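*Asks:* Below you will find the structure I want to go over with you.
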Amino acid sequence: MSVTLEDARRVIAAAEAKAVDVGQPMNIAVVDAGGNLVAHIRQDGAWIGSVDISISKAWTSRAFDISTKDLGDNSQPGQQFFGIHTTNGGRVAIFAGGIPLSHDGVVVGAVGVSGGSGEQDHAVAEAAAAAF
């Protein structure tokens, strides 16, 4: 199984609603089981610089089957994944906003959100993942 376009639309709709709730325009990306982009939106007023970041957060969450918040916590100096952000051509995102999407305990995609603070990005991604 993998994330479908219908799944991605539902996840994005939930993320959009949460972004409106927190008052911060966001970029929201959804990738499938292979880490390939299924859908992306940039809300009006969201930073264009966050387009690639949201996609990288989604890809990172799928590539390592972990939230980017947790990966970031474990990639600080002295931690087990220190330096991981320099791998994969610099594509690895180590700040909050990426969450894997699972079905029956298997990761089948991920969502990535960027445009606000780490706390805002993570909250919007959590709302998105809950809709999956």
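*Asks:* Length gain on complete extension for the stretch Arg10 to Glu119, per 0.36 nm per residue less the alpha carbon to alpha carbon distance?
*Replies:* Result for the pair: 37.1 nm of gain on full extension.
*Asks:* Follow-up question, since we're still on this one. Could you tell me the distance between the Cα centroids of region 1-53 and region 59-132, to the nearest Å?
*Replies:* 14 Å
*Asks:* Go through 34-44, 58-68 and give me the packing order, highest mean Cβ count within 10 Å leading.
*Replies:* So the peptides 34-44, 58-68, ranked by packing, come out 58-68, 34-44.
*Asks:* What net charge do the residues around Val107 carry, taking every other residue with its C-beta under 12 Å from that of Val107, with Lys and Arg at +1 and Asp and Glu at -1?
*Replies:* Residues close to Val107 contribute a combined charge of -2.
*Asks:* Under unit Cβ charges (Lys, Arg +1; Asp, Glu -1), what dipole magnitude, rounded to 20 debye, does the chain have relative to its Cα centre?
*Replies:* Approximately 220 debye in magnitude.
*Asks:* Okay, next question. Which value, in debye to the nearest 20, gives the size of the charge dipole of region 1-55 about its Cα centre, when Lys and Arg are +1 and Asp and Glu are -1 at the Cβ? Walk me through the intermediate numbers first.
*Replies:* Working: 4 positive and 7 negative charges, 8 e Å.
About 40 debye.
*Asks:* Give me the 1.4 Å probe accessible area per residue for the chain, excluding ligands and nucleic acids, in Å². Spell out each step's value before the answer.
*Replies:* Numbers: 6200 Å² over 132 residues.
On a per-residue basis, the chain sits at 47 Å².
*Asks:* Farthest toward the dipole's positive end in the chain, which of Ile53, Ala125, Ala17, given Cβ charges of +1 (Lys, Arg) and -1 (Asp, Glu) about the Cα centre?
*Replies:* Ile53
*Asks:* Return the distance in nm (one decimal) between the two label points of a simple spin-label model at Ala17 and Ile48, each offset 7 Å from Cα along Cα→Cβ.
*Replies:* 3.1 nm
*Asks:* Using the Cα gyration tensor of region 12-96, with a ≥ b ≥ c the square roots of its eigenvalues, what is the shape: rounded (a/c below 1.5), prolate (a/b larger than b/c) or oblate (neither)?
*Replies:* Since a/c reaches 1.5 and a/b is larger than b/c, the shape of region 12-96 is classed as prolate.
*Asks:* State the percentage of accessible surface on the chain attributable to carbon and sulfur atoms; use a 1.4 Å probe and exclude ligands, DNA and RNA.
*Replies:* Ligands and nucleic acids excluded, carbon and sulfur reach 51 percent.
*Asks:* Next question. Counting only helical runs of four or more DSSP H residues, what would the 222 nm mean residue ellipticity of the chain come to if each run contributes -39,500 (n - 2.57) and the total is spread over all its residues?
*Replies:* -12500 deg cm²/dmol
*Asks:* Kindly point out which whole DSSP H helices in the chain project their C-alpha atoms 15 angstrom or further along the helix axis while averaging a Kyte-Doolittle hydropathy of 0.0 or above.
*Replies:* 5-22, 50-64
The values are calculated or read from the model by the stated rules, or taken from the named source; none is laboratory data. All figures in this text were calculated on a predicted structure; none of them were measured in a lab. Glycine gets a Cβ as well: all are built from the backbone with ideal geometry, and neighbour counts include every protein chain shown. When the accessible area is computed, the model is the full protein with side chains, heavy atoms only, and any ligands, DNA or RNA have been set aside. Shrake-Rupley method; radii C 1.70, N 1.55, O 1.52, S 1.80 Å.
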